[in-house]
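Written below as C-alpha coordinates is the structure these notes are about.
The values are calculated or read from the model by the stated rules, or taken from the named source; none is laboratory data. The structure displayed is predicted, hence computed values, not measured ones. Cβ placement follows ideal geometry from the backbone for every residue including glycine, while neighbour counts extend to all protein chains displayed.
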Amino acid sequence: MFNKKIKSFIRRKILNKPLDKWDYFYASNRGENNNSATLIRNNVISTYIQHLKPNAKILDVGCGSGKLLNSINHLNYDSYLGIDISSIAINLAQENEISKRNNTQFEVADMMEFSTRTQYDIIIFNETIYYTPSADIILKIYRMFLDSNGIFIVSLIQNEYTFDIYKQIIGSGFRIIDETVVQNSKNKHCVIVISGS
(Lines give C-alpha, C1' and ligand atoms only; values in the text may rest on other atoms or scores of the structure.)
Protein backbone atom coordinates (compact mmCIF):
# COMPACT_ATOMS: atom_id res chain seq x y z
CA MET A 1 0.00 0.00 0.00
CA PHE A 2 2.80 2.39 0.93
CA ASN A 3 4.62 1.69 -2.38
CA LYS A 4 1.46 2.52 -4.34
CA LYS A 5 1.23 5.88 -2.58
CA ILE A 6 4.88 6.66 -3.33
CA LYS A 7 4.47 5.68 -7.00
CA SER A 8 1.32 7.78 -7.24
CA PHE A 9 3.11 10.76 -5.68
CA ILE A 10 6.02 10.40 -8.12
CA ARG A 11 3.65 10.21 -11.09
CA ARG A 12 1.61 13.24 -10.02
CA LYS A 13 4.20 15.57 -8.49
CA ILE A 14 7.66 14.71 -9.77
CA LEU A 15 6.98 13.46 -13.28
CA ASN A 16 5.27 16.60 -14.42
CA LYS A 17 6.92 16.98 -17.84
CA PRO A 18 5.28 15.15 -20.78
CA LEU A 19 8.53 13.34 -21.59
CA ASP A 20 8.95 12.07 -18.03
CA LYS A 21 5.34 10.88 -17.91
CA TRP A 22 5.65 8.93 -21.16
CA ASP A 23 9.02 7.42 -20.26
CA TYR A 24 7.57 6.34 -16.92
CA PHE A 25 4.53 4.92 -18.71
CA TYR A 26 6.63 2.73 -21.02
CA ALA A 27 9.31 1.88 -18.43
CA SER A 28 6.63 0.53 -16.09
CA ASN A 29 5.53 -1.91 -18.84
CA ARG A 30 2.16 -0.24 -19.24
CA GLY A 31 2.58 0.41 -22.96
CA GLU A 32 -0.33 0.34 -25.35
CA ASN A 33 -3.30 -1.89 -24.76
CA ASN A 34 -3.74 -5.07 -26.72
CA ASN A 35 -7.48 -5.19 -26.11
CA SER A 36 -9.93 -6.05 -28.85
CA ALA A 37 -10.77 -2.41 -29.64
CA THR A 38 -7.07 -1.57 -30.12
CA LEU A 39 -6.45 -4.56 -32.37
CA ILE A 40 -9.57 -3.89 -34.45
CA ARG A 41 -8.80 -0.16 -34.67
CA ASN A 42 -5.27 -0.91 -35.89
CA ASN A 43 -6.67 -3.33 -38.47
CA VAL A 44 -9.09 -0.64 -39.69
CA ILE A 45 -6.11 1.72 -40.12
CA SER A 46 -4.25 -1.04 -41.97
CA THR A 47 -7.22 -1.58 -44.28
CA TYR A 48 -7.44 2.12 -45.08
CA ILE A 49 -3.72 2.16 -45.93
CA GLN A 50 -4.03 -0.92 -48.11
CA HIS A 51 -7.03 0.32 -50.10
CA LEU A 52 -6.47 4.08 -50.25
CA LYS A 53 -2.68 4.43 -50.44
CA PRO A 54 -0.85 1.18 -51.23
CA ASN A 55 2.95 1.52 -51.34
CA ALA A 56 2.69 4.64 -49.21
CA LYS A 57 5.28 6.67 -47.37
CA ILE A 58 3.85 6.59 -43.82
CA LEU A 59 4.49 8.88 -40.86
CA ASP A 60 3.10 7.56 -37.55
CA VAL A 61 2.96 10.47 -35.09
CA GLY A 62 3.17 9.31 -31.47
CA CYS A 63 3.88 5.72 -32.47
CA GLY A 64 4.59 4.55 -28.92
CA SER A 65 6.19 1.13 -28.86
CA GLY A 66 5.15 0.42 -32.45
CA LYS A 67 2.01 -1.66 -31.94
CA LEU A 68 0.41 -0.33 -35.15
CA LEU A 69 3.34 -1.75 -37.10
CA ASN A 70 2.15 -5.27 -36.19
CA SER A 71 -1.06 -4.56 -38.14
CA ILE A 72 0.53 -2.95 -41.19
CA ASN A 73 3.64 -5.12 -41.54
CA HIS A 74 2.04 -7.29 -44.23
CA LEU A 75 1.55 -4.24 -46.47
CA ASN A 76 4.01 -3.23 -49.15
CA TYR A 77 4.58 0.28 -47.88
CA ASP A 78 7.37 2.36 -49.39
CA SER A 79 8.60 3.63 -46.05
CA TYR A 80 7.46 3.95 -42.44
CA LEU A 81 8.70 6.45 -39.88
CA GLY A 82 7.34 6.26 -36.35
CA ILE A 83 8.04 9.20 -34.04
CA ASP A 84 7.46 9.43 -30.30
CA ILE A 85 8.59 11.70 -27.48
CA SER A 86 9.59 8.71 -25.33
CA SER A 87 13.02 7.21 -25.98
CA ILE A 88 11.91 4.15 -24.00
CA ALA A 89 8.94 3.64 -26.33
CA ILE A 90 11.20 4.04 -29.37
CA ASN A 91 13.69 1.50 -27.96
CA LEU A 92 10.82 -0.97 -27.45
CA ALA A 93 9.66 -0.37 -31.02
CA GLN A 94 13.15 -0.95 -32.39
CA GLU A 95 13.45 -4.22 -30.48
CA ASN A 96 10.37 -5.57 -32.26
CA GLU A 97 11.46 -8.00 -34.98
CA ILE A 98 8.98 -6.43 -37.42
CA SER A 99 10.84 -3.12 -37.20
CA LYS A 100 13.91 -4.69 -38.80
CA ARG A 101 12.59 -4.07 -42.33
CA ASN A 102 14.92 -1.76 -44.26
CA ASN A 103 12.16 0.73 -44.97
CA THR A 104 11.06 1.00 -41.31
CA GLN A 105 12.52 3.60 -38.96
CA PHE A 106 11.79 5.06 -35.55
CA GLU A 107 12.89 8.41 -34.20
CA VAL A 108 12.63 10.14 -30.84
CA ALA A 109 10.83 13.41 -31.57
CA ASP A 110 8.30 15.71 -29.96
CA MET A 111 5.31 15.92 -32.29
CA MET A 112 5.04 19.64 -31.60
CA GLU A 113 8.62 20.26 -32.77
CA PHE A 114 9.01 17.63 -35.50
CA SER A 115 10.15 18.77 -38.92
CA THR A 116 11.06 16.94 -42.12
CA ARG A 117 11.60 17.54 -45.81
CA THR A 118 9.96 14.23 -46.71
CA GLN A 119 6.48 14.36 -48.21
CA TYR A 120 4.35 11.51 -46.83
CA ASP A 121 1.35 9.86 -48.46
CA ILE A 122 -0.20 9.09 -45.07
CA ILE A 123 0.21 10.74 -41.69
CA ILE A 124 -1.33 8.82 -38.80
CA PHE A 125 -2.42 10.17 -35.41
CA ASN A 126 -3.44 6.91 -33.72
CA GLU A 127 -4.89 7.97 -30.34
CA THR A 128 -2.38 10.85 -30.15
CA ILE A 129 -4.11 13.99 -31.39
CA TYR A 130 -5.41 14.54 -27.85
CA TYR A 131 -1.93 15.53 -26.76
CA THR A 132 -1.76 18.59 -28.99
CA PRO A 133 -3.04 22.05 -28.08
CA SER A 134 -5.48 22.02 -31.01
CA ALA A 135 -6.40 19.28 -33.48
CA ASP A 136 -7.10 21.65 -36.36
CA ILE A 137 -3.82 23.52 -35.88
CA ILE A 138 -1.72 20.34 -35.71
CA LEU A 139 -3.36 19.06 -38.90
CA LYS A 140 -2.55 22.35 -40.64
CA ILE A 141 1.07 22.14 -39.44
CA TYR A 142 1.48 18.51 -40.55
CA ARG A 143 -0.13 19.28 -43.92
CA MET A 144 3.33 20.69 -44.83
CA PHE A 145 4.70 17.13 -44.58
CA LEU A 146 1.89 15.60 -46.63
CA ASP A 147 2.06 14.88 -50.36
CA SER A 148 -0.45 16.92 -52.40
CA ASN A 149 -2.71 13.84 -52.65
CA GLY A 150 -1.93 12.62 -49.14
CA ILE A 151 -4.31 11.72 -46.33
CA PHE A 152 -4.44 11.87 -42.57
CA ILE A 153 -5.74 8.95 -40.56
CA VAL A 154 -6.86 10.03 -37.10
CA SER A 155 -8.23 7.72 -34.42
CA LEU A 156 -9.72 8.91 -31.18
CA ILE A 157 -11.81 7.52 -28.38
CA GLN A 158 -15.35 8.89 -28.32
CA ASN A 159 -16.31 10.65 -25.10
CA GLU A 160 -17.29 14.14 -23.91
CA TYR A 161 -13.73 15.47 -24.02
CA THR A 162 -12.89 14.13 -27.46
CA PHE A 163 -16.17 15.32 -28.95
CA ASP A 164 -14.65 18.83 -28.91
CA ILE A 165 -11.57 17.49 -30.71
CA TYR A 166 -13.83 15.77 -33.24
CA LYS A 167 -15.67 19.08 -33.81
CA GLN A 168 -12.31 20.84 -34.34
CA ILE A 169 -11.41 18.31 -37.03
CA ILE A 170 -14.80 18.58 -38.74
CA GLY A 171 -14.72 22.39 -38.57
CA SER A 172 -11.12 22.73 -39.72
CA GLY A 173 -11.94 22.88 -43.41
CA PHE A 174 -10.39 19.51 -44.15
CA ARG A 175 -12.57 17.10 -46.15
CA ILE A 176 -13.56 13.88 -44.39
CA ILE A 177 -13.13 10.96 -46.80
CA ASP A 178 -14.40 8.17 -44.56
CA GLU A 179 -15.05 7.29 -40.95
CA THR A 180 -15.31 3.98 -39.09
CA VAL A 181 -16.46 3.40 -35.51
CA VAL A 182 -14.88 0.56 -33.51
CA GLN A 183 -16.53 -0.47 -30.26
CA ASN A 184 -16.06 -3.02 -27.53
CA SER A 185 -17.84 -3.38 -24.18
CA LYS A 186 -15.82 -0.53 -22.62
CA ASN A 187 -15.00 2.03 -25.31
CA LYS A 188 -15.96 3.42 -28.68
CA HIS A 189 -13.28 4.70 -31.04
CA CYS A 190 -13.57 6.60 -34.28
CA VAL A 191 -11.08 6.25 -37.16
CA ILE A 192 -11.32 9.20 -39.53
CA VAL A 193 -9.69 9.50 -42.96
CA ILE A 194 -9.09 13.13 -43.89
CA SER A 195 -7.99 14.59 -47.20
CA GLY A 196 -4.87 16.69 -46.90
CA SER A 197 -5.75 18.83 -49.92
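The table below lists the values:
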item	result
Conditions (1) in contact with a His (Cβ under 9 Å, 6 or more places away or on another chain); (2) touching a residue at least 60 places away in the same chain (Cβ under 8 Å): number failed by LEU156	(2)
Unmet requirement for ILE40, which otherwise passes all of (1) at pLDDT below 90; (2) in contact with a helix residue (DSSP H, G or I) (Cβ under 8 Å, 6 or more places away or on another chain); (3) not basic (Lys, Arg)	(2)
So TYR48, is it among the aromatic types (Phe, Trp, Tyr) and buried (at least 23 other Cβ atoms within 10 Å of the Cβ)	no
Among the residues listed as LEU156, LEU75, LEU69, the single one being closer than 23 Å to HIS51 by Cβ and assigned to a helix (DSSP H, G or I)	LEU69
Inter-residue pairs, beta-carbon under 6 Å, first assigned to a helix (DSSP H, G or I) and in the range 80-101, second aliphatic (A, V, I, L, M) and modelled with pLDDT of 85 or more, 6+ apart	SER87/VAL108; ILE90/VAL108; ILE98/LEU69; SER99/ALA93
Count of residues meeting criterion [touching a helix residue (DSSP H, G or I) at 6+ places or on another chain (Cβ under 8 Å) and in contact (Cβ under 8 Å) with a residue 24 or more places away in the chain] in the range 131-145	6
Any hit, the range 176-189, residues being within 17 Å of the chain's Cα centre (by Cα), outside any strand (DSSP E or B) and among the acidic types (Asp, Glu)	no
Residue in the range 57-65 that is part of a strand (DSSP E or B), surrounded by fewer than 23 Cβ atoms within 10 Å (Cβ to Cβ) and not hydrophobic (A, V, I, L, M, F, W, C) present	yes
